[in-house]
Each structure stands twice: as C-alpha cells, then as structure tokens.
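Working notes, beginning with the structure itself.
The values are calculated or read from the model by the stated rules, or taken from the named source; none is laboratory data. A quick note: this is a predicted structure, and the numbers were derived from the prediction, not measured. Counting neighbours? That spans all protein chains shown, and the Cβs are built from the backbone with ideal geometry, glycine included. All accessible areas refer to the heavy atoms of the entire protein, side chains included, with ligands and DNA or RNA removed. Shrake-Rupley method; radii C 1.70, N 1.55, O 1.52, S 1.80 Å.
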Amino acid sequence: MQSKNSNIRFLIIMAMHDEAKPLINAMKLNEQGRINPNYTIEHYSGQTSGHTIDLIVNGRCSVYNVDQIGTQVSTLCAHLGIEKFNPNIVINAGTAGGFNSDNATIGDVYLSYPAINYHDRRINIPDFKEYGIGQYPAYNCSTITKALGLRTGIVTTGNSLDYTEQDMAMIKSYNGVVKDMEAAAIAWVAQQHSIPFLAIKSKTDIVDGEHPTEREFLQNLHIASENLARQAVKVIDWLTKEGI
Ligand code: SAH
C-alpha cells in the first residue's frame with residue numbers, strides 16, 4: 001500500500017498514437033524520445049500534484065509503417081518500462097471491443113476487474129489449459145469505479161482484431177466483456193514484477209454487433225480516445241488522492 005500523498009510513479013502503456021494523443025495533451029506530458037535505440041517505443045513524462053507520470057507508446061513499425069499493436073511488442077514495452085521507471089502501478093490505457101450481450105455502447109470506459117485473460121491460447125493439456133488463459137490479477141478498483149461511475153469487467157486479449165468461433169467460446173466461458181490485443185501481455189509482466197496492474201479501456205466497437213469491427217474501430221477511435229483520456233485523468237487523480 002502506497003501511503004497517501006507520497007510520490008506515486010505511474011507507468012501508463014498505450015499501443016497506438018491516436019489513442020494516446022488526448023491523454024498526453026490532457027496531462028501536459030512532454031515528449032522524451034525513444035526509451036531504447038533498438039525499439040520504436042516512445043516516452044512522454046510529466047508530473048501531477050507531485051506524482052510522476054511516465055507514458056510509453058509502442059511506436060510505429062519501420063517495416064509496415066503502422067502502430068505496433070498486439071502482445072509481442074506489449075510484453076517488451078512493459079518490461080523495458082518497468083525496468084526503467086520502477087513504477088508503483090502499471091496502467092494499460094487503450095481501446096477495446098465491447099459486447100451487446102453486456103449492454104456496452106461505443107465510448108464506454110471499463111476498468112479491468114477481476115482478471116485479464118487470453119482467449120487465443122488454446123492448450124488442451126491439464127494445467128496448460130489454465131496457463132494459456134492466464135487469469136492475471138487486476139488491481140482492485142471497486143471503490144474507484146463506484147466513485148467515478150465506471151464499469152468493470154474481465155479483459156480478454158488475443159492477437160487478432162476479429163475472432164474465431166473458438167475464441168468466442170473461450171470469451172463466453174469466462175464472461176470476457178472487454179476485447180483487446182495488449183492487456184494480458186502487460187498484466188503478465190506486471191505480475192512477474194509484483195506490481196499492481198490496471199487496464200482502462202474505451203469501447204470503439206461492438207464485437208457481437210452488426211457492423212464490421214475494422215470500420216467501427218476507425219469511425220469511433222477519436223471519440224473513444226477522448227473519453228479514455230477524460231476517464232484516465234480522473235482515475236489517476238483518484239489514485240493520487242486515495243493512494244494505491
Ligand atoms: N485497423 C486499425 C488497427 C487497430 S487494431 C488501424 O488501421 O489503425 C485494434 C487496436 O485497438 C488494438 O490495439 C486493440 O487493443 C484495440 N481494439 C479495439 N477494438 C478491438 C477488438 N474488437 N478486438 C481486439 N482489439 C481491439
């Protein structure tokens with residue numbers, strides 16, 4: 001437990017530049033360049049009420065010229081960020097798919113609780129099955145969500161924007177309601193370092209809705225990222241006042 005008002009070091013990890021821009025602006029963070037010359041991961045930093053914010057974005061792939069998304073880069077990003085900034089809490093902020101079956105709407109912001117799982121690591125051998133799913137623990141945010149009126153749910157991670165029937169069966173089996181491509185990878189790294197992990201995810205698309213995910217994602221990325229920034233600032237503010 002971090003005592004109230006002492007310097008909390010927040011590490012915020014984000015996949016895409018367009019997702020991160022509103023939060024970087026809202027928190028008045030300064031660009032610090034790459035954290036390692038071999039990787040595209042970019043660092044922004046600042047202070048809030050005497051607490052330290054380090055935000056890292058995966059950066060753009062130099063081969064395909066797109067944002068680096070997914071679990072591969074996220075594992076590395078989390079490792080490098082934790083080693084460099086020694087945070088008290090790791091936050092993965094980003095966008096995600098929601099579900100009609102959960103009454104989700106575009107722009108809704110969810111906090112990860114009680115766990116973050118993988119839905120595309122199928123290993124049908126005793127014990128490996130559970131290992132594949134992961135079930136990484138999430139920071140207990142129940143008081144924050146009550147105070148801020150946010151929803152909680154199981155975040156479910158895979159390396160595809162779409163899903164297979166098997167992915168969906170897996171997601172339903174543990175009632176995953178926030179579908180993304182990064183959170184479980186970062187949660188695993190945080191767990192190895194015994195650092196609390198929290199995901200804050202804003203819905204860009206409805207996975208079980210009628211529109212193609214990629215179109216919905218692009219249409220709603222801006223509004224979802226604006227909502228994400230607004231709520232992430234409130235969550236961080238709450239944590240600085242109440243402690244971790
Ligand atoms: N087509 C986009 C690529 C973004 S992929 C583009 O051209 O810019 C989706 C990103 O948003 C990932 O980082 C993922 O974490 C998140 N995301 C949003 N909706 C998702 C969904 N339905 N399933 C999985 N990830 C989703």
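Numbers for the structure displayed
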read-out: Per residue accessible area of the chain, 1.4 Å probe, in Å²; value: 47
read-out: 23 Å Cα-Cα reach of Lys179 towards lysines, excluding residues that sit fewer than 8 places from it in its own chain; value: Lys21, Lys129, Lys146, Lys201, Lys203, Lys234
read-out: Potential extension, Lys172-Lys129 segment - 0.36 nm per residue separation minus Cα distance; value: 13.9 nm
read-out: Peptides ranked, highest mean first, by Cβ atoms within 10 Å: ranges 216-229, 80-93, 18-31; value: 80-93, 216-229, 18-31
read-out: Using a Förster distance of 22 Å, the FRET efficiency for Glu83-Asp162 (Cβ separation, nearest 0.05); value: 0.05
read-out: Whole-Hz couplings from phi, Karplus 6.51/-1.76/1.60, listed for segment 11-16; x for Gly and Pro; value: 10, 10, 10, 10, 7, 10
read-out: Kirkwood Rh and Cα Rg combined as Rg over Rh, evaluated for the chain; value: 0.94
read-out: In sequence order, calculated HN-Hα J values of segment 18-26 (Karplus, 6.51, -1.76, 1.60; Hz; x Gly/Pro); value: 5, 5, 7, 3, x, 6, 4, 5, 4
read-out: Over segment 1-94, relative contact order from alpha-carbon pairs under 8 Å, at least 6 apart, %; value: 40
read-out: Segment 156-244: C-alpha gyration tensor shape, a/c 1.5 cut-off, then a/b vs b/c; value: oblate
read-out: Per-residue ³J(HN,Hα) for segment 88-104, Karplus 6.51 cos²θ - 1.76 cosθ + 1.60, θ = phi - 60°, Hz, x for Gly and Pro; value: 8, 8, 10, 10, 9, 9, x, 9, 6, x, x, 10, 4, 5, 10, 6, 7
read-out: Contact order relative to length of segment 99-242, as percent, for alpha carbon pairs under 8 angstrom and 6 or more apart; value: 33
read-out: Share of carbon and sulfur in the accessible heavy-atom surface of the chain [1.4 Å probe, %]; value: 48
read-out: Cβ charges +1 (Lys, Arg) and -1 (Asp, Glu), total dipole of the chain, debye; value: 780
read-out: Stretch gain in nm, segment Asn25-Ser62, where the contour uses 0.36 nm per residue and the Cα spacing is subtracted; value: 10.8 nm
